[in-house]
Amino acid sequence: RYFGRMNVLVYTTQVRYPGGYENLALELASELKLQGVPVTLLCHYPRDLRPPGVVCEGRALPGNLDIRYLDVPVSPSVRDVWRAFRRLRALLRDLQIEGVEVSGFAPTVLASACALGSDIPVLVGVHEMFPPPQLRRMHGWAWHALARACRHTHLYGVSSAASKSLAQYLQLKPNRVHTVPNSIGQPFLSPPRTDPGAVRVELGLGPTER
């Protein structure tokens, strides 16, 4: 995805420890930086937070990225959430953010709420599969309200299956959830043809050797 020259905020849970969408958020911010796009990487949780069950050391982060932290606790109080809301609103204003790429449930809810009343688009990447709508819990009802109230929030799945699952879970029309494949690209599916004879010469094999 290419944002042009707009000021972009990539907002996720944390990036110091390996994780699926967290890795993608770090890669996206790094790639946008390489393309010359003004980008800030924002982490929802404190810098030194170690996710439950993680025993590996935190990775070194790129020194050329502008990385910031909201320092929201894992189990926040109402006061913590309000403080994070105000800090994020101020960040969007001070950095003149024009687009937010977000991953993770808590960042999605907070970014969507903060962008209400503005023209800032919030792009939400969905990686997981969802249960049937009748099994919605508090998490699901929050998603349900978000999809309807925050029209500036755009949802996409990283596969057609993820997009269909989310649309069914939130009872949305299929065109409300886009698909941006997170997979191998066309060059991998259609590799350039090679000359077997040249490969044999390179490997030092004779015409009949295997």
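Summary table
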| item | result |
| --- | --- |
| Test set (1) open to solvent by 70 Å² or more (accessible area, probe 1.4 Å); (2) more than 26 Å from residue 96 (Cβ to Cβ); (3) touching a strand residue (DSSP E or B) at 6+ places or on another chain (Cβ under 9 Å); (4) among the basic types (Lys, Arg) - residue 68 fails condition number | (2) |
| Residue in the stretch 29-38 that is in contact with a helix residue (DSSP H, G or I) (Cβ under 7 Å, 6 or more places away or on another chain) and at pLDDT 85 or above present | no |
| Enumeration of residues in the stretch 52-65 that are touching a helix residue (DSSP H, G or I) at 6+ places or on another chain (Cβ under 9 Å) and open to solvent by less than 60 Å² (accessible area, probe 1.4 Å) | 61, 62, 65 |
| Subset of the stretch 104-129 (residues that are among the polar types (S, T, N, Q) and open to solvent by 10 Å² or more (accessible area, probe 1.4 Å)) | 118 |
| Index of the failed condition, residue 27 passing every other in (1) open to solvent by 70 Å² or more (accessible area, probe 1.4 Å); (2) assigned to a loop (DSSP other than H, G, I, E, B); (3) out of contact with any strand residue (DSSP E or B) (no Cβ under 9 Å at 6 or more places or on another chain) | (2) |
| Test for residue 59: is it among the charged types (D, E, K, R), over 18 Å from residue 108 (Cβ atoms) and touching a Gly at 6+ places or on another chain (Cβ under 8 Å) | no |
| Failed criterion for residue 44 (all others in (1) under 14 Å from residue 22 (Cβ atoms); (2) of a type outside the set (Val, Ile, Thr); (3) without any contact (Cβ under 8 Å) to a residue 60 or more places away in the chain hold) | (3) |
| Residue 77, sole failed condition from (1) in contact with a strand residue (DSSP E or B) (Cβ under 7 Å, 6 or more places away or on another chain); (2) loosely packed, with under 15 Cβ neighbours inside 10 Å | (1) |
| Every residue from the stretch 94-103 that is open to solvent by less than 40 Å² (accessible area, probe 1.4 Å) and charged (D, E, K, R) | 101 |
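The values are calculated or read from the model by the stated rules, or taken from the named source; none is laboratory data. Treat the numbers as computed from the prediction; the structure is a model and nothing was measured. Glycine also receives a Cβ, built like all others from the backbone with ideal geometry; neighbour counts cover every protein chain displayed. Surface areas here come from the heavy atoms of the whole protein model, side chains and all, with no ligands, DNA or RNA. Shrake-Rupley method; radii C 1.70, N 1.55, O 1.52, S 1.80 Å.
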